[in-house]
1. When residues of the stretch 87-110 are filtered for being under 23 Å from residue 32 (Cα atoms) and buried (at least 18 other Cβ atoms within 10 Å of the Cβ), how many remain?
2. Which of the residues spanning the stretch 243-302 are touching a strand residue (DSSP E or B) at 6+ places or on another chain (Cβ under 7 Å), modelled with pLDDT under 90 and part of a helix (DSSP H, G or I)?
3. Checking residue 213 against (1) part of a loop (DSSP other than H, G, I, E, B); (2) modelled with pLDDT of 95 or more, which test does it fail?
4. Of the residues 34, 44, only one is closer than 27 Å to residue 234 by Cβ, surrounded by fewer than 22 Cβ atoms within 10 Å (Cβ to Cβ) and over 22 Å from the mean Cα position of the chain (by Cα); which?
5. Quick one: count up the residues across the stretch 328-365 that are part of a helix (DSSP H, G or I) and under 24 Å from the mean Cα position of the chain (by Cα).
6. Looking at 5, 17, 26, which one is under 24 Å from residue 128 (Cβ atoms) and either crowded, with 21+ Cβ neighbours inside 10 Å or touching a residue at least 24 places away in the same chain (Cβ under 8 Å) (or both)?
7. I'd like to know if the stretch 67-81 contains one or more residues that are closer than 26 Å to residue 221 by Cα and touching a strand residue (DSSP E or B) at 6+ places or on another chain (Cβ under 8 Å).
8. If residue 235 satisfies every condition in (1) touching a strand residue (DSSP E or B) at 6+ places or on another chain (Cβ under 6 Å); (2) at pLDDT 95 or above; (3) loosely packed, with under 15 Cβ neighbours inside 10 Å but one, which is the exception?
């Protein structure tokens, strides 16, 4: 069974019911401050932590005096706009005593479906984590419509885990794991401690999307597990309502762990390697040696650009003799690459008229 102490990068999903009192619409401050203690504990162990948090609509609803029934889209978006400020401030105030800096990151389904936006999100989150920041991610309910919504934060959390290369995803839920049947209806239902592979039988046990206590029910959690584990990220479902839920989980609280099928870097490598290149760049001998040492590809090492590709497209990396060295996702278009090839990173702003990325292909987006 996985242990939080073994993780390098952890994504935590927090539902609205854990953060906001359903009766009063007020923030559950004591619970949030206990979660902040857990986050500080993980950070003290050298872990990167990302929080995927619901709660903006629930908080905004109370402030605006909107009914506790299903809201119209415009009402939900207005509630989200008001509540998001309060949600971000709540996390900031809870984590500040532990000297932890927070950042708000709002996303929609389009941000992961579109490769350019995906790379932007990945770069931003990676930079925040490298600076020791704890990003607070939420769906951008203020602008999202049905066509561009995840619709539930279980799958959003899984996508974030894939994006940042997390090795563990923890869903703090209103249930303590996946059961063979709904335990509220069937007293003989048993909880699975560990699931090594998500079979059709396991998916069937999750029921329909409307089952369970949380939005989306257990089905969305199993869908999240399929996404996360395929990308090398183990996932746990555990009861989140207790104080210090992560410490409790680490101490052996009831839960279901879905085991990763690989590690995050290998899974990402396979994903990139399967792509069809849209063009290529040739590199000099110095760049080829740097790539072999695991470095990123800088514009200075590029000697030729071929094809018509856009930012985020896969392109081949060729040596001076035309042999393929690898494949990677470019951070520049073909036209931009032609302008900056052979030049130092410090020259990019003058050549393009705006500041760009330091690398043409980052080592995390490359298969050699």
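The values are calculated or read from the model by the stated rules, or taken from the named source; none is laboratory data. Quick caveat, the model's predicted, so the values are computed rather than measured. Cβ atoms come from the backbone with ideal geometry, glycine included; neighbour counts cover every protein chain shown.
1. Residues that pass the stated criteria total 12.
2. Passing the criteria: 269, 272, 273.
3. Looking at each condition in turn, residue 213 falls short on (2).
4. After ruling out the rest, the residue left standing is 34.
5. Adding up the residues that qualify gives 3.
6. Details: 17 fails: under 24 Å from residue 128 (Cβ atoms); 26 fails: under 24 Å from residue 128 (Cβ atoms).
So the residue among 5, 17, 26 that is under 24 Å from residue 128 (Cβ atoms) and either crowded, with 21+ Cβ neighbours inside 10 Å or touching a residue at least 24 places away in the same chain (Cβ under 8 Å) (or both) is 5.
7. Taking every residue of the stretch 67-81 in turn, none turns out to be closer than 26 Å to residue 221 by Cα and touching a strand residue (DSSP E or B) at 6+ places or on another chain (Cβ under 8 Å).
8. (3)
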